[in-house]
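S.K.: Before we start, here is the structure in question, set down as structure tokens.
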Amino acid sequence: MADFVFKWLVLLLPIIISTRAFNKKSKISFIYRLSFVFLITLLVLVLVLHFFNYALFSIFIIDFTALFSLKVFLLEISVSFFVSYLLTSIDITTIKETSDKKKFKKILSSSFYALLLTLPFIIIISKHWALVNFGKVQWDSIIFSITTPQAGANPSFIISFLIQVVFPGAVIFTALFFCLRLFIYSKEIHFSNRFTISLPKVLKIVLFIFLLLFSYFLALHQFNKSYPLHSLKEYLFEDSTFIDKHYVDPMMVNLTFPEKKRNLIYIYLESMEVTYMSKDKGGAMDHNIIPNLTKLAEENHYFSQSDNFKGAYPTRASWTIGAMVAHTGGVPLKLPSISDAAYADFEAFMPGLCNLGDILNQHGYNQTLMVGSDGSYGGRKKLYEQHGNAEVLDLFSAYDDEIVPRKYHNGWWGFEDLYLFEYAKKELLELSKEDKPFAFTMLTVDTHHIGGYVCEKCPNQYDEQYSNVISCSDRQVYEFIQWIMQQDFYDNTTIILTGDHNSMDPDYFKKIERSGYERTVYNCFINDKGKWTGKKRGFSTMDMFPTTLAAMGVQIEGDRLGLGVNLYSDKKTLIEKYGNTDLEERLMKRSKYYDSKFL
């Protein structure tokens with residue numbers, strides 16, 4: 001926040017000072033000149049910074065120490081003073097309005113035109129904000145996030161959006177309002193009493209339309225570079241029969257559970273990737289920052305696409321609730337159209353889907369979902385309540401169960417993982433006392449982007465904060481697994497550790513992605529009952545659905561559920577048939593079968 005205030009002071013003070021310096025010499029009032037100087041100076045800075053390879057409109061986002069070098073600061077002062085001085089030689093003859101009704105009409109029209117011209121700025125700033133905070137996310141993630149309630153979201157992202165997008169947009173709107181108001185009222189422009197330019201109404205309209213079209217062309221061109229609009233067209237309007245041809249309805253498959261049903265502990269490790277391993281293990285790091293998770297996988301079972309570690313592709317499931325649907329239901333999470341409100345209030349979350357929770361519920365399992373934040377965020381609570389009748393334990397239940405003090409919030413998502421693991425131990429001991437088998441699912445959160453959450457257990461071992469948080473999570477997960485192994489219920493319990501999706505921390509992975517390294521999701525199966533061979537498999541997170549049941553000793557007729565394949569079997573996965581890129585493109589398109597079947 002301090003950086004942001006400083007950055008805007010550096011930007012605005014020279015503009016205000018320069019405008020004030022020529023106040024008595026100018027015939028145009030101060031507020032109109034200030035708005036004009038601000039817009040021209042801003043435009044020059046953006047163009048110069050963009051010419052020197054700064055992202056367009058990055059001045060609102062990037063660190064001010066990188067932006068406001070002495071050269072840039074001197075450039076800003078020079079431009080501001082030059083524009084301010086130039087305005088002293090200009091006088092404008094304006095149209096006099098005697099009617100209050102006409103004045104009010106002009107104010108409304110100025111506001112409307114200013115809003116039209118502000119929107120292209122907002123588009124570009126929003127795009128850059130999204131890139132900085134989330135990277136190049138998929139359209140399904142964007143649309144789902146826009147159309148669903150944001151209760152429980154990390155407040156830092158909301159504050160960041162308000163500061164870095166809404167506030168600059170409001171400042172630009174205000175400046176445009178005054179400039180357009182003067183433009184609408186102007187009749188003639190006089191330059192040092194030497195020559196005059198008339199501004200008839202037709203010329204104003206032509207100039208405004210040209211400026212409007214150019215602004216939107218520039219904004220959409222910039223937006224399209226990072227979030228291709230043709231992909232949105234395919235997602236919303238191009239029909240595909242791919243899903244209905246390949247989907248296997250679990251309700252139509254014979255599932256044979258073992259006589260003594262096994263418990264399941266399914267742990268989503270937030271943004272946990274194979275990438276964090278050392279290069280000799282199949283990762284992208286010089287040093288293995290998840291040695292304990294590597295050790296667990298090596299000592300137990302894991303699926304890989306190569307001789308080293310290479311995990312699952314998060315195909316069309318690049319954010320948490322999308323990942324949960326893919327892992328448990330073997331399908332991507334889709335919306336039928338951008339105007340559809342299928343998830344808006346979460347009255348019914350994919351009512352036609354039969355997933356892991358539904359199957360376990362039919363076979364008498366006690367089910368629990370535990371998260372360290374507001375469980376309602378992104379529809380997680382509704383998904384697990386409506387598909388499996390699971391009890392959802394979250395930030396608010398943690399208050400009631402005295403895991404954290406009432407009203408505790410760490411300013412991140414809710415409460416950190418060191419409390420979450422203690423909460424999980426308490427719940428697992430209670431579940432193990434019941435007569436029914438249990439399925440316990442939990443989601444860690446400390447490794448969420450950006451930078452992760454630094455708890456009291458995090459050492460300062462690496463230069464990057466995110467590396468320290470990932471390493472800290474690695475140790476905490478390992479300690480938790482060791483605790484489970486010492487409990488009486490362990491012998492009859494299958495444990496699955498998996499990343500939910502790849503991390504969305506764009507800066508951390510810049511060099512890695514430029515190298516061409518393929519980032520994939522971590523997985524580890526402990527005390528599983530599937531016939532693991534160690535054979536290389538091409539697979540996505542959708543294959544986790546049938547593979548989870550197989551790991552619990554369930555016999556699956558045909559070894560396929562949803563769009564997933566039991567990885568213990570020799571059946572070909574969709575990744576092995578089509579490749580990840582082709583599968584992504586096929587699943588991105590609209591599916592009428594999906595809409596009618598699941599939504």
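S.K.: Conditions first: (1) under 29 Å from residue 390 (Cα atoms); (2) assigned to a helix (DSSP H, G or I); (3) not hydroxyl-bearing (Ser, Thr, Tyr). Residue 261 passes all but one, so which condition is the exception?
M.R.: With respect to (1) under 29 Å from residue 390 (Cα atoms); (2) assigned to a helix (DSSP H, G or I); (3) not hydroxyl-bearing (Ser, Thr, Tyr), residue 261 is out only on (2).
S.K.: Same structure, new question: Going by the structure shown, is residue 416 closer than 30 Å to residue 259 by Cβ and at pLDDT 95 or above?
M.R.: It is false that residue 416 is closer than 30 Å to residue 259 by Cβ and at pLDDT 95 or above.
S.K.: Follow-up question, since we're still on this one. So, of the residues in region 185-196 that are over 18 Å from residue 83 (Cβ atoms) and in contact with a strand residue (DSSP E or B) (Cβ under 9 Å, 6 or more places away or on another chain), which turns out to be surrounded by the fewest Cβ atoms within 10 Å (Cβ to Cβ)?
M.R.: So the residue we want is 193.
S.K.: Do you know which of the residues in region 342-396 that are surrounded by fewer than 17 Cβ atoms within 10 Å (Cβ to Cβ) and without any contact (Cβ under 8 Å) to a residue 12 or more places away in the chain is farthest from residue 325 (Cα to Cα)?
M.R.: 362
S.K.: Return the residues of region 263-281 that are buried (at least 20 other Cβ atoms within 10 Å of the Cβ) and more than 24 Å from the chain's Cα centre (by Cα); say none if nothing qualifies.
M.R.: 263, 264, 265
S.K.: Continuing with the same structure: Against the conditions (1) crowded, with 18+ Cβ neighbours inside 10 Å; (2) farther than 27 Å from residue 541 by Cβ, where does residue 456 fall short? Just the number, please.
M.R.: Status for residue 456: all satisfied but (1).
S.K.: Then there is this: Yes or no: residue 466 assigned by TED's automatic domain parsing to the domain that holds residue 293, surrounded by 21 or more Cβ atoms within 10 Å (Cβ to Cβ) and not hydrophobic (A, V, I, L, M, F, W, C)?
M.R.: Yes; evaluated as a whole, the condition is true for this residue.
S.K.: If residue 554 meets every condition in (1) more than 21 Å from residue 321 (Cβ to Cβ); (2) surrounded by fewer than 24 Cβ atoms within 10 Å (Cβ to Cβ); (3) under 28 Å from the mean Cα position of the chain (by Cα); (4) among the hydrophobic types (A, V, I, L, M, F, W, C) apart from one, which number is that one?
M.R.: Answer for residue 554: the failing condition is (3).
S.K.: Considering only residues that are of a type in the set (Gly, Ala, Ser) and in a strand (DSSP E or B), look in region 508-565 and name the one that is nearest to residue 313 (Cα to Cα).
M.R.: Restricting to residues being of a type in the set (Gly, Ala, Ser) and in a strand (DSSP E or B), the top hit is 540.
To keep it simple, each residue is scored yes or no on (1) within 28 Å of residue 475 (Cβ to Cβ); (2) in contact with a strand residue (DSSP E or B) (Cβ under 8 Å, 6 or more places away or on another chain).
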position: 353; (1), (2): no, no
position: 381; (1), (2): no, yes
position: 389; (1), (2): no, yes
position: 410; (1), (2): yes, no
position: 425; (1), (2): yes, no
position: 431; (1), (2): yes, yes
position: 438; (1), (2): yes, yes
position: 452; (1), (2): yes, no
position: 456; (1), (2): yes, no
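S.K.: Can you name the number of the only condition in (1) buried (at least 23 other Cβ atoms within 10 Å of the Cβ); (2) modelled with pLDDT under 95; (3) of a type in the set (S, T, N, Q) that residue 548 fails?
M.R.: (2)
S.K.: Can you list the helices (runs of 4 or more DSSP H) found entirely within region 1-73 that contain at least 3 residues being modelled with pLDDT of 80 or more?
M.R.: Passing ranges, in order: 2-21, 30-51.
S.K.: Here's something else I'd like to know. On the basis of being farther than 28 Å from residue 374 by Cβ, modelled with pLDDT of 70 or more, among the polar types (S, T, N, Q) and under 26 Å from the mean Cα position of the chain (by Cα), does residue 174 make the cut?
M.R.: no
S.K.: Would you check if there is a residue in region 481-502 being assigned to a loop (DSSP other than H, G, I, E, B) and farther than 26 Å from residue 360 by Cβ?
M.R.: Looking for residues that are assigned to a loop (DSSP other than H, G, I, E, B) and farther than 26 Å from residue 360 by Cβ, one finds at least one in region 481-502, hence yes.
S.K.: Now for a separate question. List the residue pairs whose Cβ atoms are under 6 Å apart, where the first residue sits in region 573-599 and is not assigned by TED's automatic domain parsing to the domain that holds residue 546, the second is outside any loop (DSSP other than H, G, I, E, B) and buried (at least 18 other Cβ atoms within 10 Å of the Cβ), and the two are 6 or more positions apart or on different chains.
M.R.: Final answer for the pair search is none.
The values are calculated or read from the model by the stated rules, or taken from the named source; none is laboratory data. These numbers were taken from a predicted model, which means no experiment stands behind them. Here Cβ is always computed from backbone atoms with ideal geometry, including for glycine, and neighbour counts include all displayed protein chains.
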